[in-house]
Amino acid sequence: MTSTHKGRPFRADQVGSYLRPEALITARAEAASGKIAKEALHAVEDGCIRDLVAMQESLGMKCATDGEFRRGSWNKDFLAGFDNVVERPGNLKVFHRNPDGTPVSQVSAWAVTGKIKRSHPIQVDDFKFLNSVTQVTPKTCMPSPTLLHFRGGRQAIDQTAYPDIDQFFADAAAAYRQEIDDLYAAGARYIQLDDTNFAYLCDPRFRDAAKAMGEDPATLVDTYIALVNNAIRNRPKDLLVAIHLCRGNLSSAGAASGGYEVIGPTLFPGLDVDAFFLEYDDERAGGFDALKDVPNGKFVVLGLISTKRRELEAKDLLKRRIGEAAKAMPLDRLCLSPQCGFASAVSGHGKTGVDGEMAKLRLLVETATEVWGEA
């Protein structure tokens, strides 16, 4: 078989975040309390990122992230970098839940209090540092623009600034394009958007919660496709953009259930990305039949390895599940990854532990190499 795979996504890929070292957790707390200067925190971050990159490379990973070590949360630091975007309790009354169904916390939310602008680069300097310390492909991750709307809905968007909601979506997309353009100029060729809301719209509970906010779930899917496509339009041909459809991952708790077939027929052909990172680590995601709607030319990275459980997956089981997915779309357009990052926030660590984290990454590389002949 002649492979159409050119890397990015890689056969053994990753979602992005990693468990924070204790030294980094301590330094962040001391910086927040004023015990150390921001420059001292930055120096600790630099050292921890260097160590993390070396670890990823030593395991045979072909791309490296900075683990989101400069962020407190996978989405908050980035979104707060835009003008007039503030965190505020949202109207979406849905919670992260433990496997037994007990609630952990309500999903975070954002409000837009004026015109959205990107008055300065948000994570361009972070990327430049990552690029300077890795020998493999540096991958940068950012929260999807849909987070600016879904958690609060129309009520969270200032109506004086945006009497026309379409102008809000246009401004949000423009702000993202500015950041992406600057990242590309700095050398970024692999960008991942982390999106919870498409996956949430697979879940009847979230669809009902969206209706309670006055939103139409069916219309939102089309609206969000248009938003993301506008945010990444006219990108250079050598810039690969992937999207991770996250079902919620906070301290090993999840949020959404429901198979991708609910939105797949619209989403997979309609979203102008190169690859989909899809969570398939448990029954919440449903089966692989939805992959039949992924068009030629687009890749799917199967999130079969769980970052929520310490137990190591059996390699034979992973291979069997990859084979099942390959019945719905060609094996050559499939890759493998953990279902999510290892730490959604500084305090949101899962149960793997650092040794378990490394064991899962080693399993990832070994399995991918045995299935596809490359990592």
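The values are calculated or read from the model by the stated rules, or taken from the named source; none is laboratory data. Remember, predicted model here, so these are calculated numbers, not experimental data. In this analysis, Cβ positions are derived from the backbone assuming ideal geometry, glycine residues included, and neighbour counts consider all displayed protein chains. Side chains are part of the model used for accessible areas, which takes the heavy atoms of the whole protein and leaves out ligands, DNA and RNA. Shrake-Rupley method; radii C 1.70, N 1.55, O 1.52, S 1.80 Å.
Annotations
- Tally, over region 318-347, of residues that are touching a residue at least 60 places away in the same chain (Cβ under 8 Å), of a type outside the set (D, E, K, R) and in contact with a Gly (Cβ under 9 Å, 6 or more places away or on another chain): 12
- Sub-9 Å Cβ pairs linking a first residue in region 23-44 that is closer than 18 Å to ALA345 by Cβ to a second residue that is assigned to a helix (DSSP H, G or I) and hydroxyl-bearing (Ser, Thr, Tyr), at least 6 apart or interchain, are VAL44/THR26, ordered by first then second residue.
Here is a yes/no grid of residues against (1) at pLDDT below 95; (2) part of a loop (DSSP other than H, G, I, E, B); (3) closer than 20 Å to PHE277 by Cβ:
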residue: ARG309; (1), (2), (3): yes, yes, yes
residue: GLU324; (1), (2), (3): no, no, yes
residue: MET329; (1), (2), (3): no, yes, yes
residue: CYS340; (1), (2), (3): yes, yes, yes
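- Test: residue in region 176-184 that is assigned to a helix (DSSP H, G or I), at pLDDT below 95 and open to solvent by 10 Å² or more (accessible area, probe 1.4 Å): no
- Candidate set from region 109-129 (those that are outside any loop (DSSP other than H, G, I, E, B) and open to solvent by less than 30 Å² (accessible area, probe 1.4 Å)); member that is modelled with the lowest pLDDT: TRP110
- Residues of region 216-242 that are among the hydrophobic types (A, V, I, L, M, F, W, C) and part of a helix (DSSP H, G or I): ALA218, LEU220, VAL221, ILE225, ALA226, LEU227, VAL228, ALA231, ILE232.
- Considering the conditions (1) open to solvent by 20 Å² or more (accessible area, probe 1.4 Å); (2) touching a residue at least 60 places away in the same chain (Cβ under 8 Å); (3) not in a helix (DSSP H, G or I), GLY287 is excluded by exactly one of them, (2).
- Residues that are buried (at least 21 other Cβ atoms within 10 Å of the Cβ) and either small (Gly, Ala, Ser) or not in a helix (DSSP H, G or I) (or both) within region 350-374 comprise GLY350, THR352, ALA368, listed in sequence order.
- Test: ASP195 is open to solvent by 10 Å² or more (accessible area, probe 1.4 Å) and of a type outside the set (A, V, I, L, M): no
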